[in-house]
Each structure stands twice: as structure tokens, then as C-alpha cells.
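One structure is given here, and the rest of the page talks about it.
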Amino acid sequence: MSAPSAPLALSVRGLVKRYADVTAVDGLDLEVRAGECFGLLGPNGAGKTTTIEICEGLTAADAGEVTVLGRRWDRHPRELRERLGICLQDTQLSDKLTVEETLTLFASFYDVARPVDDVIAMVSLGEKRASRVVGLSGGQKQRLAVACAMVGEPELLFLDEPTTGLDPQSRRQLWELVERFKSTGRTVVLTTHYMEEAEVLCDRVAIVDHGKVIALGTPRELVASLDAEHVVDFTLAHDAEVALDLLQALPGVRSARRTAGLYELAVGAVHEALPGLLALLAARGVELAELKTHSPTLEDVFVGLTGRALRDE
Amino acid sequence: MSEHGSARVRKSRRLVERPLAQLTLVRMREFFREPEAIFWTFGFPLLLAGGLAIAFRNKPAEAVPVAVVSGAAGSERVIAALKADSGLVVDVLGDSAAAASLRMGKVALLVEPRGDSVRYRFDSDRAEARSARMIADVALQRAAGRVDPVAVSESRVTEAGSRYIDFFLPGLLGMNLMGASVWSIAFSVVTARSKRLLKRLSATPMRRGQYLASFILSRLVFLAIEVGVILGIGTWMLGVPVRGSLVAVLAITLLAALAFSGIGLLISSRARTVEAVSGLANFVLFPMWIFSGVFFASTRFPDVVQPLIKALPLTATNDALRAVMLQGATLGSQALNLAILTAWLVVTFVAALRLFQWR
């Protein structure tokens, strides 16, 4: 993790991007320090991809200032492309080329490129070196896409939803890849809607909703901001309801929230809060359908801030 | 992060590791790994030219089979006279074998020498038999000293250069140059755009002009193959003449391929789906198949539209190719057609570069 005083790899101020009928980015500010892994966490449509593509020089902003590695896109576009590694959301590489041919092509674009053999070994595609892209699995394709982003020895790597749609094993392989890149002291900016991914990979996370940053900090700080050691979730049988202020008044309960039929209580200690909750429900004659407890996550932070779930699942 | 500010040093690289070489290699790999593309670009004109070669092959004037009955007086003289005529195939058979051959239709005419005279036996209902009788009779009479009072000379209309195949082959070459250039570029670019590969490439330091240039370079490689196949079959198998210089023919095909590549880039500069670009390509190409004199002379259309037809790049290509191949024209005499192609090349490239969308 980098010190707060490290130079900025990316600075975004007052960024605005409007499309015909929607404001995708609405005055967003970001500061990413050199050497850190920074995550933009938010639901689909929050403006993460638009933001990252403006930072990548692929989309023009309507307002705001973007400085990448101390440079601006309007002044040093070629130098920036040379120093950045980019993995777009959902790019399909040419099916008819092999892994090696694809990487050799991408390597040819950079003044300074990593040897293709190294990159193939780094993303564990050695056995697939001579295979055509069309025959790769989803995880292998994604590792190749990340390899294409890394072949130019980037100082700053942008990954837009790098693990969306991958199976858990492929996702973990990709995380290891990002961890290794990070360990060389270089900067990573990624977007994700998987809070687990943000918790595992990111030094700091910005939670984005409706084109704005609504919370910023380390995953630990964000979770701590919930002021809860545990979260108790429960649902009631027969669509019964219970008033939130009654729940909030229970001993040991710090906050209560209801999303659809799901009640969530932020609590200090489960054993302090639970007897009161059960007594309240019994007194009101309502029955529990389900009750679970878990440690708070970024998902709880997001729900706490927006009242909505991060992903519709 | 001290490297932030430091200048990166360009490493020296082999030619094949340079971006333009890599991009061109990718074009060729993508093409040669698509069996259907190979067929439509090379196989189809090959088949078409092969079919034409069969239809327009130089048939020798077919010789008519006749039989001479052996053993009779004067048969040696008759056999010698008939064999001297290239229009006849002469069999010498015994009496009964000869009669059987005639009955079976293996020979069209039986010649029976009888000393100073001969007797013809044939089926007068068969045209072939009647011409066999006439050819054999002329041969025998001339051998015996007959002199024809009217002098005749012949001019065969199968002379190379004026047959339909001679007209068609340059048109086929032009049509193939157009189709191959436009389709290969359109499919390649639009597929890459629809897969967001163009956007990914535009996020690298790749020089955008080099991406477009790689299409031109790979076209030149394919051009050599296409022109080689069509011209090779045309000249060796079909006897289509190249009366002007071969260099002039190659120069015209080169300029035409570049102009059509420009059209290909222009129509694929914005389209997002293969369906959209297919429609656009057909819209652009179809009028030229009709008006540009591929299958029949473009001069059949009314005079009013002739200036428009002449301005089409395929008309310019076909007219220039025909003039050089069939009439032996020089490249200089085709300056107008070459200027038309150059204008198409410049206008379409400039427009394509301005309109091209990378995402």
C-alpha cells in the first residue's frame, strides 16, 4: 500500500459526461495515488465505465479535469497510451489469431514492451500459446486480454470489470495476476460490482452511484463506517411487518433497515441484540421465516448508503 | 515512480516486429484462416474462368471418319489422296468390316475404289455423311488434277482478341478486384468494430494510419495472387491476348485495387454490423456490375448517362484493361481512366480517414 503522500497517478476533478437522455457522470472527483490499487465500486449504470473510459482517453468529457500520470490527454495522447495498460469491458480479440500472435501484435505497438514469452508465462497461458483465441475458455480469454494490457509495461493499469462473467476459479486466477502486477509497485484502477473483488484487491475504494462518488476509503474504513460488528438479516413469515423504529430501539442495535422484505440490523454483538429481537417479534405475534448473521461487507455499506442492493441477483 | 517523467527509449526492432508488419501479417492470417474467403476470392474466379475455358475452348475443325475398302484396284491412290486431307480420318477396312462400320455409324462414308472411278456409300439423311462425301470428293478430284476456277480465301472468326471471352476476361479481372477489395476490408473492419477490437486497438499507441495502411499492404499481396490466377488462366488456357505491355496491365490493376480499397474503407468507416455493411456494399457495387461493362459493353446504355458510367471506377478499370490487353494501347493513352481511378482513391481515402469511427 502506498503512503498518502505518494504522487498522484490519476486525478479527476468535477468530471461530467452527459449522453442524450442521461447524465452518466455528474461531477465526479477522484485521486489515485501511485502504487495503489484503486477500485470503483458500484451497480451497473453508476457511471464507472464512462469514468474509466474518459481516464483512458477513449471518451471525451463534457466538463472536468483529468490528469493521468501527470499528463493531460489533449497534450500528450501518444505518451499516455504508451504508459497505460487498458483492459476494456467485453473486448473480443481476433478469433483467428493465436495467443502468441495476439500478444506479438500488441507488443509491436509499444516502444517498450515486455517479451511475449514472459507475458504468456505471467498469465499462465503457456500451454495455449499456439491455440487460436476462438478455442480459449472465458477465463483464458480474459487473462489474454489482461496480458495485452500488460505487454507494454504500463505504469498504470485500467481494468474495467475484469472478472464479470467468470467462474470463481478463473476469478481467483485473475486476482492473483492483479496482485502480482501490484506487487511491482505499479498502479491499478479497476471497476467492479463485486464487493468481494474490491475487498480482496483494492487498497482504497470509491463507491459510485448515479455518476458521483458517495463514499471513499479503504475497504476496512468503509465497513467500519457502518458502526457494526455484525449484521443480522431476517425475513418474516406471511409478509408480516414490524416498524423500524421499534427495531432501532432494541438494545445493542445501532441501525435498522428494510429492503424489500429483508430486514437488516447493524449490531455491536449478536448475543446482545438477538434476545431483544426475538422477544419483540414474539410480543407482536410475528413469525421469523429466516434469520442469519454475517460480518459487514462493502455490500452492506452500499445498501446503507443507497438503500439498494449492489447487484440484482 | 521515477520512471514517470523519464523518456522511454525506443528499442531497435526487426522489421517483422514493427506495427505495420504485424498488422499486415494479421490481415493475411485472418484471411488465409477463413476458408470461405479464400474460395470466394481465388476459387470462384478460378472456377468461372475454368468454366469459360471449357465453353470457349479452341475446337479443331472436327475431322470426319471415313473408310476405304481395301484390296480393290486403285485403292492406294485413293487412300493417299484422302489421308492428305486434314478434314478426314481415314480407316482402311476389308469389305465386310467396312460395311459393318458404316451400318454402326462409326464412319460417315464408305469409299469403294473401282479402278479409275470410285463409289460413295453413305446415308444421305445424315448431314455429316453429306459433308464427308463432299470433302472426300474434293480431295479425290483435286488429287486427280482438278483446278477450281474461282480463287477463294478464308478468314476464321475464332481469331484471338475478338471473341466474347476476350471481351469478358478483362471485365472479370476488374470485377474481381472490386469485389475482393471491398468485401475483404468491409468484413474485417466491421467485425473488428462490432467486437470492440477497434476501440481496444485505439487505446494502444498504435498509429491509426498504420491500421488502415495494413489493409492496403495486404491487398497488394492478394492482388498479386488474384491477378496472377485470372491473367494466367486467361492467357495460357483461353488464349486471351495481352497486346499492350504487361507492366501497364499490372499498373492498372494496382491503381484499381487501391481505389477499390478506398471505397471499402469508406463504406466500412461507420457501419457497426456486418449486415449493415453488406447492404451498403451491395448498394455501391451492384450498379457497377450492371453499368461498368463487365458482361456486355457499357456503350449499350443511352448517351445521356455515358459520362456518369465513365466516371465509375469499375468502368475506368475495365476500359483501361480492355484497351491495353485487346488493343495494345499504352498506359499514357489511358490517362483519363487512370485519373478517374486516382480521384476515387484520393477522395475515398480522405473521406474514410475523416469519418472512420474506432468505437
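Determine whether segment B:261-270 contains at least one residue that is at negative phi and either under 20 Å from the mean Cα position of the chain (by Cα) or within 14 Å of chain A (Cβ to nearest Cβ) (or both).
No.
Taking the stated definitions as given, is A:Val119 more than 14 Å from chain B (Cβ to nearest Cβ), over 21 Å from A:Arg204 (Cα atoms) and touching a Cys at 6+ places or on another chain (Cβ under 9 Å)?
Yes: the conditions hold for A:Val119.
Residues that are of a type outside the set (Gly, Ala, Ser) and buried (at least 20 other Cβ atoms within 10 Å of the Cβ): does segment B:191-198 have at least one?
Yes, there is a match, as at least one residue in segment B:191-198 is of a type outside the set (Gly, Ala, Ser) and buried (at least 20 other Cβ atoms within 10 Å of the Cβ).
Restricting the search to segment A:32-56, which residues are touching a Leu at 6+ places or on another chain (Cβ under 6 Å) and small (Gly, Ala, Ser)?
Residue satisfying the conditions is A:Gly39 alone.
Would segment A:282-294 turn up any residue that is open to solvent by less than 40 Å² (accessible area, probe 1.4 Å), of a type outside the set (S, T, N, Q) and farther than 24 Å from A:Val205 by Cβ?
yes
Looking at this structure, is A:Leu105 facing chain B (nearest Cβ under 8 Å), within 15 Å of B:Leu197 (Cα to Cα), at pLDDT 95 or above and open to solvent by less than 30 Å² (accessible area, probe 1.4 Å)? Reasoning before the result, please.
Working: facing chain B (nearest Cβ under 8 Å): yes; within 15 Å of B:Leu197 (Cα to Cα): yes; at pLDDT 95 or above: yes; open to solvent by less than 30 Å² (accessible area, probe 1.4 Å): yes.
Against the criterion (facing chain B (nearest Cβ under 8 Å), within 15 Å of B:Leu197 (Cα to Cα), at pLDDT 95 or above and open to solvent by less than 30 Å² (accessible area, probe 1.4 Å)), A:Leu105 qualifies.
Can you tell me which residue is least open to solvent (accessible area, probe 1.4 Å) among those in segment B:274-304 that are among the hydrophobic types (A, V, I, L, M, F, W, C), in a helix (DSSP H, G or I) and without any contact (Cβ under 8 Å) to a residue 12 or more places away in the chain? Please lay out each step first, then the result.
Applying the first criterion (among the hydrophobic types (A, V, I, L, M, F, W, C)) to segment B:274-304 yields B:274, B:276-277, B:280-281, B:283-286, B:288-291, B:294-297, B:301, B:304.
Now restrict to residues that are in a helix (DSSP H, G or I): B:274, B:276-277, B:280-281, B:283-286, B:288-291, B:304.
Of the ones still in play, those that are also without any contact (Cβ under 8 Å) to a residue 12 or more places away in the chain are B:283, B:286, B:290, B:304.
Details: B:Phe283: 156, B:Phe286: 116, B:Ile290: 66, B:Val304: 127 Å².
Once the filter is applied, the top-ranked residue is B:Ile290.
So how many residues does segment A:1-13 have that are open to solvent by 30 Å² or more (accessible area, probe 1.4 Å), more than 14 Å from chain B (Cβ to nearest Cβ) and more than 21 Å from A:Tyr194 (Cβ to Cβ)?
Let us first name the residues in segment A:1-13 that are open to solvent by 30 Å² or more (accessible area, probe 1.4 Å), namely A:1, A:3-5, A:7-8, A:13.
Restricting the remaining residues to those that are more than 14 Å from chain B (Cβ to nearest Cβ) gives A:1, A:4, A:13.
With the extra rule that they be more than 21 Å from A:Tyr194 (Cβ to Cβ), the set shrinks to A:4, A:13.
Adding up the residues that qualify gives 2.
Could you grab the pairs with beta carbons closer than 8 Å, sequence gap of 6+ or different chains, first residue in segment A:201-222 and farther than 27 Å from A:Val16 by Cβ, second one of a type in the set (Asp, Glu) and open to solvent by 10 Å² or more (accessible area, probe 1.4 Å)?
A:Leu201/A:Glu179; A:Thr218/A:Asp203; A:Pro219/A:Glu199
What do you reckon, is B:Leu314 open to solvent by less than 30 Å² (accessible area, probe 1.4 Å), farther than 30 Å from A:Leu58 by Cα, modelled with pLDDT under 95 and touching a Phe, Trp or Tyr at 6+ places or on another chain (Cβ under 9 Å)?
no
Answer with yes or no whether B:Leu250 is free of Cβ contacts under 8 Å to residues at least 40 places away in the same chain, open to solvent by 40 Å² or more (accessible area, probe 1.4 Å), under 13 Å from B:Leu173 (Cβ atoms) and assigned to a helix (DSSP H, G or I).
For B:Leu250, the condition - free of Cβ contacts under 8 Å to residues at least 40 places away in the same chain, open to solvent by 40 Å² or more (accessible area, probe 1.4 Å), under 13 Å from B:Leu173 (Cβ atoms) and assigned to a helix (DSSP H, G or I) - is met.
Is it the case that segment B:170-190 has a residue that's more than 14 Å from chain A (Cβ to nearest Cβ) and part of a loop (DSSP other than H, G, I, E, B)?
no
Being within 21 Å of B:Phe167 (Cα to Cα), assigned to a helix (DSSP H, G or I) and open to solvent by less than 40 Å² (accessible area, probe 1.4 Å) is the filter here, so list the residues in segment B:320-340 that pass it.
Result: B:Ala320, B:Leu321, B:Arg322, B:Ala323, B:Val324, B:Met325, B:Leu326, B:Gln334, B:Asn337, B:Leu338.
Can you pull out the residues in segment B:69-116 that are open to solvent by less than 30 Å² (accessible area, probe 1.4 Å), closer than 17 Å to B:Ile135 by Cα, touching a residue at least 24 places away in the same chain (Cβ under 8 Å) and not acidic (Asp, Glu)?
Once the filter is applied, which keeps residues that are open to solvent by less than 30 Å² (accessible area, probe 1.4 Å), closer than 17 Å to B:Ile135 by Cα, touching a residue at least 24 places away in the same chain (Cβ under 8 Å) and not acidic (Asp, Glu), segment B:69-116 yields B:Val78, B:Ala81, B:Leu82, B:Gly87, B:Leu88, B:Val90, B:Val107, B:Ala108, B:Leu109, B:Leu110, B:Val111, B:Pro113.
Identify, by number, the condition in (1) within 12 Å of another protein chain (Cβ to nearest Cβ); (2) within 22 Å of A:Thr192 (Cβ to Cβ); (3) touching a residue at least 60 places away in the same chain (Cβ under 8 Å) that A:Gly152 doesn't meet.
Among (1) within 12 Å of another protein chain (Cβ to nearest Cβ); (2) within 22 Å of A:Thr192 (Cβ to Cβ); (3) touching a residue at least 60 places away in the same chain (Cβ under 8 Å), A:Gly152 violates only (2).
Hey, does segment A:245-259 have a residue that's touching a Gly at 6+ places or on another chain (Cβ under 7 Å) and at positive phi?
Among the residues of segment A:245-259, at least one is touching a Gly at 6+ places or on another chain (Cβ under 7 Å) and at positive phi, which makes the answer yes.
Mind listing whichever residues of segment A:227-256 are assigned to a strand (DSSP E or B) and open to solvent by less than 30 Å² (accessible area, probe 1.4 Å)?
A:Val231, A:Val232, A:Asp233, A:Phe234, A:Leu236, A:Val253, A:Ala256
Please identify the pairs in which a residue from segment B:195-206 that is touching a residue at least 24 places away in the same chain (Cβ under 8 Å) and within 7 Å of chain A (Cβ to nearest Cβ) has its Cβ atom under 8 Å from the Cβ atom of a residue that is assigned to a helix (DSSP H, G or I) and crowded, with 18+ Cβ neighbours inside 10 Å, counting only partners at least 6 apart or on another chain.
B:Lys199/B:Arg193; B:Met206/B:Pro19; B:Met206/B:Leu23
Which residue is farthest from B:Arg33 (Cα to Cα), if the candidates are limited to segment A:122-135 and must be open to solvent by 30 Å² or more (accessible area, probe 1.4 Å) and within 11 Å of chain B (Cβ to nearest Cβ)?
Looking only at segment A:122-135, we keep the residues that are open to solvent by 30 Å² or more (accessible area, probe 1.4 Å), and these are A:122, A:124, A:126-132, A:134-135.
Add one more test, that the residue is within 11 Å of chain B (Cβ to nearest Cβ), and what stays is A:132, A:134.
Details: A:Arg132: 11, A:Val134: 12 Å.
Looking at the filtered set, the residue picked out is A:Val134.
The values are calculated or read from the model by the stated rules, or taken from the named source; none is laboratory data. Keep in mind the model is a prediction, meaning the values are calculated, not measured. A quick note on method: Cβ atoms are made from the backbone with ideal geometry, for glycine too, and the neighbour counts reach across all protein chains shown. Surface areas here come from the heavy atoms of the whole protein model, side chains and all, with no ligands, DNA or RNA. Shrake-Rupley method; radii C 1.70, N 1.55, O 1.52, S 1.80 Å.
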